[in-house]
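**Student:** Questions regarding the structure given below will be posed in turn.
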Amino acid sequence: KIFLLPETLEKIQRGKIAKGDVLAVAQVAGVMGAKKTPDLIPMCHPILLTSVDISFKEEPQPNPEGRCSITITATTKTTGPTGVEMEAMTAASVAALTIYDMCKAVDRGMSFGEVCLLSKSGGKSGLYTKNG
């Protein structure tokens, strides 16, 4: 999740960020990040990804700190015998960093957090669902 000023979210929605279509670029960056995970995270071995999907949910209602948010969800899949949660979390993080980079000229106070595994199936550890 990335937190930003309402004016920044409005500029993203209206296509008024000078560097271009923020969410389209962040989506591509997230996919690239997932594919580069073993290059970025020591001890993370290369995995053949069969799909990577990045989606965004905009929350225009400001929180008590006056910030809106965009929730980034990354879904990764493989047919291999191991999980791809590191690839998904890397994808979401790279997408958030890309949004920051593209919008920093209008909102240097952006922040992001709440990077977590929501669910996982397959691999040695089987099924995992956060809070469930």
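**Student:** Using a 1.4 Å probe over the heavy atoms of the protein chains, calculate the carbon and sulfur portion of the accessible area of the chain as a whole percent.
**Tutor:** That share works out to 56 percent.
**Student:** Moving to a separate point now. On the full set of protein chains, 1.4 Å probe, figure out the accessible area of VAL84 and give it in Å² to the nearest 10.
**Tutor:** Looks like 20 Å² after rounding.
**Student:** Follow-up question, since we're still on this one. Where does the charge balance sit around LEU49 when Lys and Arg score +1, Asp and Glu -1, over other residues with C-beta under 13 Å from its C-beta?
**Tutor:** Cβ neighbours under 13 Å give a net charge of 0.
**Student:** Can you pull the one-decimal nm distance between simple spin-label points at MET43 and VAL106, each 7 Å off the Cα toward Cβ?
**Tutor:** 4.2
**Student:** While we're looking at this one, here's another question. Of LYS57/LYS124; LYS104/LYS124; LYS19/LYS130; LYS57/LYS120; LYS1/LYS36; LYS1/LYS120, which pairs sit farther than 29 Å apart, going by alpha carbon to alpha carbon?
**Tutor:** LYS57/LYS124; LYS104/LYS124; LYS19/LYS130
**Student:** Using the Kyte-Doolittle scale, which helices in the chain average at least 0.0 and also have C-alpha atoms spread 15 Å or more along the helix axis, with helices defined as whole DSSP H runs?
**Tutor:** Helices meeting the span and hydropathy rule in the chain are 22-35, 85-103.
**Student:** Once you have all Cα-Cα distances for the chain, histogram them in 5 Å bins from zero and send the whole-percent values.
**Tutor:** 2, 11, 20, 21, 17, 13, 9, 6, 2, 0
**Student:** Using Cα-Cα distances under 8 Å and only pairs 6 or more residues apart, what relative contact order does region 22-121 have, in percent?
**Tutor:** 32
**Student:** Using a 10 angstrom cutoff on alpha carbons, build the Gaussian network for the chain and name the most mobile of ASP107, ASP39, ASP21.
**Tutor:** Comparing ASP107, ASP39, ASP21 in the GNM, the peak value goes to ASP39.
**Student:** Now for a different question. Just to confirm, what accessible area per residue do you get for region 82-132 at 1.4 Å probe, in whole Å²?
**Tutor:** Value returned for region 82-132: 56 Å² of accessible area per residue.
**Student:** Helix-only mean residue ellipticity at 222 nm, the chain, DSSP H runs n ≥ 4 weighted -39,500 (n - 2.57), per residue, nearest 500. What is it?
**Tutor:** Working: 4 runs with 46 residues, N = 132.
Only helices count here, giving -10500 deg cm²/dmol.
**Student:** Then there is this: Modelled label-to-label distance, THR129 and THR79, 7 Å Cα→beta-carbon offset: nm?
**Tutor:** Each label point is offset 7 Å from its Cα along the Cβ direction, giving 2.7 nm.
The values are calculated or read from the model by the stated rules, or taken from the named source; none is laboratory data. None of the values given here were measured: they were computed from a predicted structure. Heads up, the Cβs are rebuilt from the backbone with ideal geometry, glycines too, and the neighbour counts pull from every protein chain shown. We work out accessible area using only protein heavy atoms, side chains counted, and drop any ligands, DNA or RNA first. Shrake-Rupley method; radii C 1.70, N 1.55, O 1.52, S 1.80 Å.
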